[in-house]
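Here is the structure we will look at, set down as structure tokens.
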């Protein structure tokens, strides 16, 4: 028997693995066919998605008008976050002034400067400080910080691009009131949150020092 005949006989004796139609997966593992998109004010979106106000995905809080006369660099009082501090997450002034409407930024919040340029930053530092005027904060609700930030980036850029004819451009509450965003279906939101949510649970309790983290 020649070598070629031996190879052919061995090949024919093997089971035909992977040949023929594959077994269908269980019903629970089958992916549903995508539904047709529908028209919305922001363009075509999936049928189960919606267009809503930005206030659906986040609470927007504005900084308080702290007096610059009470600023200090000796770390007395609480750290105060100004526009120049957002990118570095490192405040340079403190204040001992008590403001009833003051709001503190916390890890996972989105902070945005409202003068000059409108940039959205995810606050990741393990530090808590009050936000000064001309800074606003987006505190996410059931949506992840990554989703909130992604939703407002283009909206902020559009306002910045249309603010012309003034010495210093300003982002106002009226601009934010007009923000509309696309809300995904619940299942998509859960999957997105599971992948991108800012997880404070990974931080040891001893590291959550609040304002004292700068001292």
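Can you name the residue in region 87-96 that is buried (at least 18 other Cβ atoms within 10 Å of the Cβ) and at pLDDT 90 or above and is also nearest to residue 170 (Cα to Cα) among such residues?
93
Got a sec? Which of 181, 188 is within 16 Å of the chain's Cα centre (by Cα), exposed (fewer than 15 other Cβ atoms within 10 Å of the Cβ) and at pLDDT 70 or above? Even if it seems obvious, please write down each step before you answer.
Working: 181 fails: exposed (fewer than 15 other Cβ atoms within 10 Å of the Cβ).
Only one candidate qualifies: 188.
The values are calculated or read from the model by the stated rules, or taken from the named source; none is laboratory data. All values reported here derive from a predicted model rather than from experimental measurement. Positions of Cβ are generated from backbone atoms using ideal geometry, with glycine treated the same way; all protein chains shown enter the neighbour counts.
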